[in-house]
Amino acid sequence: MQTTDIGAKEDGKLWQRKPVPSNKGILVNLIRSASAYQTKTVRFLHVAFDTTGESFLAGDHHGNIYLFDISRNRFQLVQKTGLACTALAFSLRRTTEFLVALSDYSIKCYDKDTRQLVSWMRGHEGAVSSLSVHGSGRYAISTSSDAAQLWDLDTFQRKRKLNVLQSTGIQKVFFLPLSNTILSCFTDDSIFAWESDTLVCAYQLPVPQEGPRMHYKAFAVTQNGKMLAAGGRTSLVHLWCLERRQLVRVMQMPQEVRTVRHLDFLPDSFDGGSSQVLGVLSQDGVMRFINIQTCKRLFSIGSHEDAVVSTAVCPKGRHVAAVMDGGSVRVYSVRALTQEVNKPPQPLVRRVMGERGPGGPCLKTKDHAGTGRRHNRTSGHKTRILHPPPASALEDKENDLPSRMICLNKKRLQTLLRTFGEYPAKYRMFIWRSLLRLPENHAAYSSLTEKGLHCSCVSLHERYPIKSPKLQRGLQRVLSALAHWSAIFGETEYLPLLVFPFVKLFPNNPLVCFEVVASVLVNWCQHWFEYFPNPPLNILSVAENVLAYHDAELLHHLITCGVTSQLYAWPLLETLFSEVLTREEWLKLFDNIFSNHPSFLLMAVVAYVTISRAPLLLCTHRDDFEYFFHHRNNLDVSAVLTEAYRLMDSTPAELHPNVVLSDFEPLTRGQYPIFNKYPTFIVEYQCQERERIRQQEMEYLRERQALQELRAEAVRQQAEDQAWHTQQELLQEAEEQRRRLLREEESRLAQQRARLAAMRRELKVKEVVLLDTSRRRFLRHQQNQRRIELNRLDDEIQRKKTLRDQETSAAVQDMEVKQMELDAQRRLFEQQLAKEQERVSQEVRAEVEARRRRAELEDSAFHNHLQSDRDLHQETKRVLEESLAEAGQLDIDADWQTEVIRRLEEVDEEQGRRRQELADLSRETQTKEEQLVQLMMEAEDKRVRGRWTEAGAKQARLEEEKRTAATHQTSRLPKRTDETAPHQPRRSQDEAMNRLREKRIRSPCSTRGLLHEPDRSQTSSASMCLNSQSSPDESTCFSLERGRGRLDCQERALLQEVRELRQKLAARARAGDHTSLSASSQHSQHSQ
C-alpha cells in the first residue's frame, strides 16, 4: 500500500510508481499533514466522484477542496473555501463545475479549471447534510434538518422549498436516477415520492409497523432507479421495489452491527443498472458488501482499529473512496476486492475444531472452504487431524466472544498469571470478559444511551480536553450512561480519570467498556461513596492500618510530614494507577486485580507505597509527596505485584481488607443492578443545585440569545439603514452624473445647433448673394437689351429722318420741274408709307400681345402658388424676391425656421406637450405671417395701383399732348394729306386706349411691360412723325425731340419709384421675418 502525503502542495502525483493493490485492495492512502506539525494530520471529511468515475473531489476540515484524477495520476488544489465542507456534488451538467456545502449553511458553485466562484446560494438555517443532482445536471436538491430546497443550476435560483414542522425533521431528500421523481424521508420514517415537475405527491412507500422502529438514516438507490435500500439505528436493512412500491426483502445484518450509517450500491458494467451488491457501513467502522439476492457477504473494507467514516462509490464500479477515522482517504480497487469472490469454488473439507473434557472449552466442527490436506488412510479408517483453533478466531479482542459464555478456569488462569506475570496480549480482552463475566445487556445499555447526553457531560471537553475526538465521544458516552444508571456518577468529579483508561482500551465497543467500568465500580470501589463528596475515609483507614502493620516507620514519617492517606493512597485509587504507570504496566497490574479478590487493589496501593519507601523517606515537603503520587516513577511493577501478593498473604485477618470488602459479584443479566450505596440527600441536593444552576444558565443563555438577537437585529437594521443611505447617495450621485451628462449633451447640442444655424446662415447668405448676382446680371442683361433696342430705334428714327429729309429736299427740288410726276410719286410714297406703318403696327401689336400673355401667365402662376401649398408665404416671398428684389429672404428664413422647429421636435420628442404647444405657436406665427404678408401685399398692391393710375394718367396726358401736337402738325400738312389726317388721331387714340387697357389688366408686381412702354410710345410717335413727312417745317422734329425727352424723363422717374417701392417691401419683409424668428426662438428656449 502506497501512502501519499499531500502536505502543503497544490498539485502533484498520487503515486510515484505503478500502484499494485494490497491484499486488502488498497491502491493508495492519501493523507495531508499540517505544514507546521508533521505529526498532525488535517482530516478529510467528504468525497464525491464525477460522472466518469475517473476523478473525485475531497474536502478537508480546513476548507480545502482537492481534485484527485486516478486515470492521470494527478492531484491538484482547486479551491480554498476557508470553511469546512458538509457535502459535495460533482455530477453537474457543466463537467468543470461542482457544488460544495459549507459550515456557514451556504452552498457555493466553483469551476475547477478557472478556480472562480460561479454562484453563491443561501437559504438554509441549518447545516446542509446532503446534495442530490438530477440526472440531467440542471437541478439540485440540498437537504438540512429543517428544510429541503430545489435549485435551478442554470440560473442558480431557488425554485421550491420544502418546510416541515419542528416535531418532524427531514432526514434526506434526493432524486431518483433515470426519472423525474424525488424521494423524501422524514424523521418519523415516512417516505414520500414527488413529481419534480409539478411537486405533486406521487405515492408513499409502506413502512412495516410491527417490529422495532427503524429510525432511517441511510439510503441507496440502484442506477436504474428500481430498488431502494434503507437502514437506520437497527441491524436491519429494508429493500423496496419502487416499481411495485412495496417492501420486498428485509436483511438481517450480523450481531456486531447495531446501527447502519451509510449505504451504497456497487454498480456492475453487465447488470444493466440493477446493482446486486450493497455496501453497508455500520457503527464499528466496517463496510460490508453483501449480495442482496443471496444475502452472502462478499468482502469488506475497514476494521475496528482503522474505521471507515464515509465512502463514495465510482459510478462505473471500479473504485471505492473511503474517508477513514484517522482523517485519510483510501482508494480501493473493486477488482482486487472481488478477486477472491470471483474464483471458482474449492473442494469442501470438514475440519475438526477440537473437543475437550468437562473443564475445557467445547469446540464445534465447522465447514470451511479451502485447500485441504490429504489424510493418510490406514486399515480402511479415515484419519482425523486435530488442529488447534485458528488464530483468526481470537484475533478480535472485543467483539468475537460467543453468545454462550465460555467459562475459563480461574485457578488455572491464576497459575498462568503467577508464572508469567501477565496474560497474553492476544487473549487479554477475552480473558477479562470471562473473568468479569460480562452479561452484555444490549437492551439495557441501549435504554441508557437513548436517554441522550447527561447534563453533567455537556462541558466534559472543557474540563478534560482530549486530542482524539473519537476518544472524547467514547468517554462522554460511557460517562453519560453511568450517570443515567446511578445519579452519584453524575456528581463524581474523579470518575472521568477512572473511566478513561478503559475507554482507550475499548474504543470500538462502548457496551463492553461500560460493563467493565460498572463491574469495577460495583466490586473494586465498594464503600467509596459512603462519605461523598469526601474521599472514602473508611477504605483509606483500612489501607493505612495495613501500612502501619507492615511499615510503621514509613507511616510515622508520613504523619510527621503531614501526609495523610488522602494524599498518598487516594490519588492512586481515584485514577486506578493510570497516572503513575505506563500502558503495559497498567494492563499487567489489572490482569492481577481482575484475577484476585477486590481487596487486592488496596494491597496494590500499600505495596506501591512500601516499595517506594526509600524516596518517600527522603521527602519532607508536601509538594514533593503530591508530585510523587501524581507522576510516573522509576518502579518495577513486578516488584509491586510481588509485594502485593506478600501483603495479601501476611496481613492478619482482623486488618485484612477482605473483611470489609465482599467477594466479586458479576453484573446481573437483563438489567443492571441498582447502585444506591451513597448519601442520597447530598446527591439529590447537588442534583437540585446543579439543575437550578442549569436552569439559571439556560435562562441566562436565553436572555443572552435574545440580547444577541436584538443586537444582531439592531446591527442588521443599522446595516440596512446604512445600505439604504449608501444606495440613496449612490442614486443621487448617479442622478447628478446623469444630469451633468444631460447638461453636457444639451450644451453640445446647443453648440451643434449654433454651428448648424451659422452654417445655414452662411448658406442663405451665399444663396442670397448668388440670387442677387444672378438678378443683377439679369437686370444688366435687360438694360443692355433695352439699350440695344433704344439704339436700334434711334438708328431707325435717324435713318427715317434722313430719308425723309432727302425725300423732302428731292420733292422740293423736283416740285417745280416735275409737277406731273408728283402725284404719282406721292401715291407711291403713301402706299409705301401705309405698308410700312401697317408692318410696324403689326410688329407692335404682336409684341404687346406676347408681353400681355406672358404677364398673364406669370400672374396666374403667382396666384396658383399662393393658393396651392401650405407654405404659401414661402412661394409668395420667392415671387416677391423675383419681382421685388428682396422678397425671397422671407422664404429662406421660413425654411430655416421650419428646419429649426423640426430639429427641436426630433430632440425633444419626449416632451409632447411642449412640442404641441410649440407647433401650435408655430402655426399661429405662420398664420400671422401670412396675414402680415397678405396685408403687405394688399398695401403694396394699393400703392402700385395708385402709382400705375398716376402713370396712366400721365401717359394719357402725354398722349393727349402728342395728339394735340399731331393735330397741329396735321393742320399744317398740304391738302393731299388731309384725307389721311382724320384717321391718324383716331388710330392714335385707339392705340392709347389699348395701351391703357393692357396696363389695367397687367399685374402690379410685374414691371416688364412698364419697361417696354416707352418703346411703344416712341414707336407710335415715330410712326406719327412719319406721317408728317410731307411737312417741310422743322417744328415736327422739335416736337418729336421734346416728346421723346419728356417720355424718357417720365420713364426714369417711374423706374426710380418702382425701385424705391421694392426696397421698402424688402425692408418690411426682413423686419417681419426677424421679429417672427426671435419670437419663435424665445418660445423654444422657454419650452426647453
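Any residue that is more than 20 Å from I292 (Cα to Cα), part of a strand (DSSP E or B) and not hydroxyl-bearing (S, T, Y) - is there at least one of those in segment 202-215?
Within segment 202-215 (the criterion being more than 20 Å from I292 (Cα to Cα), part of a strand (DSSP E or B) and not hydroxyl-bearing (S, T, Y)), the answer is yes, since at least one residue qualifies.
Of D152, D189, D146, which residue is free of Cβ contacts under 8 Å to residues at least 60 places away in the same chain and at positive phi?
Working: D152 fails: at positive phi; D146 fails: at positive phi.
Being free of Cβ contacts under 8 Å to residues at least 60 places away in the same chain and at positive phi holds for just one of D152, D189, D146, which is D189.
What are the residues in segment 419-442 that are assigned to a helix (DSSP H, G or I) and touching a residue at least 12 places away in the same chain (Cβ under 8 Å), if any?
R428, M429, F430, I431, W432, R433, S434, L435, L436, H442
I'm checking my understanding of the structure. Among residues of segment 640-674 that are at pLDDT 90 or above and among the small types (G, A, S), which one is farthest from W586 (Cα to Cα)?
S650
Among the residues of segment 54-78, how many are open to solvent by 30 Å² or more (accessible area, probe 1.4 Å) and part of a strand (DSSP E or B)?
Looking only at that region, the number is 2.
Residues that are aliphatic (A, V, I, L, M), closer than 17 Å to W528 by Cα and open to solvent by less than 40 Å² (accessible area, probe 1.4 Å): which helices (runs of 4 or more DSSP H) entirely in segment 459-506 hold 3 or more of them? Even if it seems obvious, please write down each step before you answer.
Working: elements: 460-463, 469-485, 488-491, 495-505.
So the answer is 495-505.
Can you find a residue that is part of a helix (DSSP H, G or I), of a type in the set (S, T, N, Q) and either free of Cβ contacts under 8 Å to residues at least 24 places away in the same chain or on the phi > 0 side of the Ramachandran plot (or both) anywhere in segment 515-526?
no
Report the residue count in segment 746-769 for those that are open to solvent by 100 Å² or more (accessible area, probe 1.4 Å) and of a type outside the set (K, R).
Result for segment 746-769: 5.
Conditions tested, residue by residue: (1) open to solvent by 80 Å² or more (accessible area, probe 1.4 Å); (2) more than 60 Å from the chain's Cα centre (by Cα); (3) under 27 Å from N538 (Cβ atoms).
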| residue | (1), (2), (3) |
| --- | --- |
| L617 | no, yes, no |
| M648 | no, yes, yes |
| R669 | yes, yes, no |
| E697 | yes, no, no |
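Could you tell me which residue of segment 626-646 is least open to solvent (accessible area, probe 1.4 Å), considering only residues that are more than 23 Å from V563 (Cβ to Cβ) and of a type in the set (D, E, K, R)?
In this case the residue turns out to be D636.
Tally the residues that are surrounded by fewer than 13 Cβ atoms within 10 Å (Cβ to Cβ) and over 26 Å from L1055 (Cα atoms), restricting the search to segment 817-845.
15
Take the residues of segment 618-641 that are polar (S, T, N, Q) and in contact (Cβ under 8 Å) with a residue 24 or more places away in the chain: which is farthest from I559 (Cα to Cα)?
Of everything passing the filter in segment 618-641, S638 is farthest from I559 (Cα to Cα).
In segment 527-541, which residue that is touching a helix residue (DSSP H, G or I) at 6+ places or on another chain (Cβ under 9 Å), open to solvent by 10 Å² or more (accessible area, probe 1.4 Å) and outside any loop (DSSP other than H, G, I, E, B) is nearest to N658 (Cα to Cα)?
Across segment 527-541, the extreme among qualifying residues is S541.
If E886 meets every condition in (1) modelled with pLDDT under 75; (2) part of a helix (DSSP H, G or I); (3) surrounded by 13 or more Cβ atoms within 10 Å (Cβ to Cβ) apart from one, which number is that one?
The one condition E886 does not meet is (2).
Taking segment 517-557 as the region of interest, how many residues are more than 14 Å from R613 (Cα to Cα) and of a type in the set (G, A, S)? Reasoning before the result, please.
At the first step, the residues of segment 517-557 found to be more than 14 Å from R613 (Cα to Cα) are 517-546, 549.
In the following step, the residues that additionally are of a type in the set (G, A, S) were identified as 518-519, 541, 543.
Result for segment 517-557: 4.
Under the condition of being over 39 Å from the mean Cα position of the chain (by Cα), not β-branched (V, I, T) and not in a loop (DSSP other than H, G, I, E, B), which residue from segment 1-53 is surrounded by the most Cβ atoms within 10 Å (Cβ to Cβ)? Steps first, please.
As a first pass, look at segment 1-53 and keep what is over 39 Å from the mean Cα position of the chain (by Cα): 1-3, 16-27, 38-39.
Okay, now just the ones that are also not β-branched (V, I, T), so 1-2, 16-19, 21-25, 27, 38.
Those left that are additionally not in a loop (DSSP other than H, G, I, E, B): 2, 27.
On the way: Q2: 17, L27: 22.
Looking at residues that are over 39 Å from the mean Cα position of the chain (by Cα), not β-branched (V, I, T) and not in a loop (DSSP other than H, G, I, E, B), I get L27.
Assuming F430 fulfils every condition listed in (1) open to solvent by less than 50 Å² (accessible area, probe 1.4 Å); (2) touching a helix residue (DSSP H, G or I) at 6+ places or on another chain (Cβ under 7 Å) apart from one, which condition is it?
Among (1) open to solvent by less than 50 Å² (accessible area, probe 1.4 Å); (2) touching a helix residue (DSSP H, G or I) at 6+ places or on another chain (Cβ under 7 Å), the lone unmet condition for F430 is (2).
Condition first: open to solvent by 20 Å² or more (accessible area, probe 1.4 Å), part of a loop (DSSP other than H, G, I, E, B) and not polar (S, T, N, Q). Now tell me which residues in segment 131-146 satisfy that. Can you show your working first?
So in segment 131-146, the residues open to solvent by 20 Å² or more (accessible area, probe 1.4 Å) come out as 131, 133-136, 138-139, 145-146.
With part of a loop (DSSP other than H, G, I, E, B) added as a condition, the list becomes 134-136, 138, 145-146.
Correct list: H134, G135, R138, D146.
Looking only at residues that are open to solvent by 80 Å² or more (accessible area, probe 1.4 Å) and either touching a Leu at 6+ places or on another chain (Cβ under 6 Å) or not hydrophobic (A, V, I, L, M, F, W, C) (or both) in segment 918-936, which one is nearest to R903 (Cα to Cα)?
R923
Run down F529, F577 and say which single residue is touching a residue at least 60 places away in the same chain (Cβ under 8 Å) and over 60 Å from the mean Cα position of the chain (by Cα). Full working, then the answer.
Details: F577 fails: touching a residue at least 60 places away in the same chain (Cβ under 8 Å).
When all the criteria are applied, what remains is F529.
Here is a list: D814, D795, D772. Which entry is within 30 Å of V844 (Cβ to Cβ), assigned to a helix (DSSP H, G or I) and either among the charged types (D, E, K, R) or open to solvent by 80 Å² or more (accessible area, probe 1.4 Å) (or both)?
Working: D814 fails: within 30 Å of V844 (Cβ to Cβ); D772 fails: within 30 Å of V844 (Cβ to Cβ).
Only one candidate passes the filter, namely D795.
The values are calculated or read from the model by the stated rules, or taken from the named source; none is laboratory data. A quick note: this is a predicted structure, and the numbers were derived from the prediction, not measured. Virtual Cβ from ideal backbone geometry, glycine too; neighbours counted across all protein chains shown. Each accessible area value is taken on the protein alone, full model and side chains, heavy atoms only, with ligands, DNA and RNA left out. Shrake-Rupley method; radii C 1.70, N 1.55, O 1.52, S 1.80 Å.
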